[in-house]
1. Scan the range 106-118 and tell me whether some residue there is loosely packed, with under 11 Cβ neighbours inside 10 Å and either at pLDDT below 95 or closer than 23 Å to residue 5 by Cβ (or both).
2. Is at least one residue of the range 61-68 farther than 22 Å from residue 108 by Cα, part of a loop (DSSP other than H, G, I, E, B), in contact with a strand residue (DSSP E or B) (Cβ under 7 Å, 6 or more places away or on another chain) and without any contact (Cβ under 8 Å) to a residue 60 or more places away in the chain?
3. Go through (1) out of contact with any helix residue (DSSP H, G or I) (no Cβ under 9 Å at 6 or more places or on another chain); (2) at pLDDT below 95; (3) assigned to a loop (DSSP other than H, G, I, E, B) and name the single condition residue 26 misses.
4. Can you tell me which residue within the range 53-65, out of those that are within 20 Å of residue 13 (Cβ to Cβ) and surrounded by fewer than 23 Cβ atoms within 10 Å (Cβ to Cβ), is nearest to the chain's Cα centre (by Cα)?
5. Among 105, 50, 75, which is more than 11 Å from residue 10 (Cβ to Cβ), without any contact (Cβ under 8 Å) to a residue 24 or more places away in the chain and over 12 Å from the mean Cα position of the chain (by Cα)?
6. State all residues of the range 33-52 that are crowded, with 18+ Cβ neighbours inside 10 Å and either modelled with pLDDT under 95 or within 23 Å of residue 126 (Cα to Cα) (or both); if no residue qualifies, say none.
7. Here is a list of conditions, (1) in contact (Cβ under 8 Å) with a residue 12 or more places away in the chain; (2) farther than 20 Å from residue 15 by Cβ; (3) out of contact with any helix residue (DSSP H, G or I) (no Cβ under 9 Å at 6 or more places or on another chain); (4) not in a strand (DSSP E or B), and residue 132 meets all of them except one; can you say which number that is?
8. Find the residue count for the range 1-23, including only residues that are in contact (Cβ under 8 Å) with a residue 12 or more places away in the chain and either in contact with a helix residue (DSSP H, G or I) (Cβ under 8 Å, 6 or more places away or on another chain) or assigned to a loop (DSSP other than H, G, I, E, B) (or both).
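The values are calculated or read from the model by the stated rules, or taken from the named source; none is laboratory data. From a predicted model like this one, the values you see are computed outputs, not experimental measurements. FYI the Cβ positions are ideal-geometry reconstructions off the backbone, even for glycines, and counts take in every protein chain you see.
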């Protein structure tokens, strides 16, 4: 029996740090850029795994480089990939803009997350039933 199964989203975050937000139609130079993993579901799954729980993560990633990186990240954190579906197209991405005061603007492109539907969960019933907590 698995300790926890998380059902939720994942995102590949593209964070740009700016001195100020651009005005409409304006291009500004940004001093720093970072890429990282995120998404509410993914953050919960990784936190639970890092605290010592056995974790299944039910989500959808795209068959792109972001999806491959996410799968690698989940495996390196000890999360079972049995519940992770891979779809054609892009993974979810979140371009994030953060200014020096900490104000931010976030866009989300759901990508493969749109495929995490009730019908997609039908094939995951055994994972769900075999969990102490969902």
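1. Taking every residue of the range 106-118 in turn, at least one turns out to be loosely packed, with under 11 Cβ neighbours inside 10 Å and either at pLDDT below 95 or closer than 23 Å to residue 5 by Cβ (or both).
2. no
3. For residue 26, the exception is condition (2).
4. The selected residue is 62.
5. Residue meeting the stated conditions: 75.
6. Hits for the range 33-52 are 41, 42, 45, 46, 48, 49.
7. With (1) in contact (Cβ under 8 Å) with a residue 12 or more places away in the chain; (2) farther than 20 Å from residue 15 by Cβ; (3) out of contact with any helix residue (DSSP H, G or I) (no Cβ under 9 Å at 6 or more places or on another chain); (4) not in a strand (DSSP E or B) applied to residue 132, the lone miss is (4).
8. Of the residues in the range 1-23, 15 are in contact (Cβ under 8 Å) with a residue 12 or more places away in the chain and either in contact with a helix residue (DSSP H, G or I) (Cβ under 8 Å, 6 or more places away or on another chain) or assigned to a loop (DSSP other than H, G, I, E, B) (or both).
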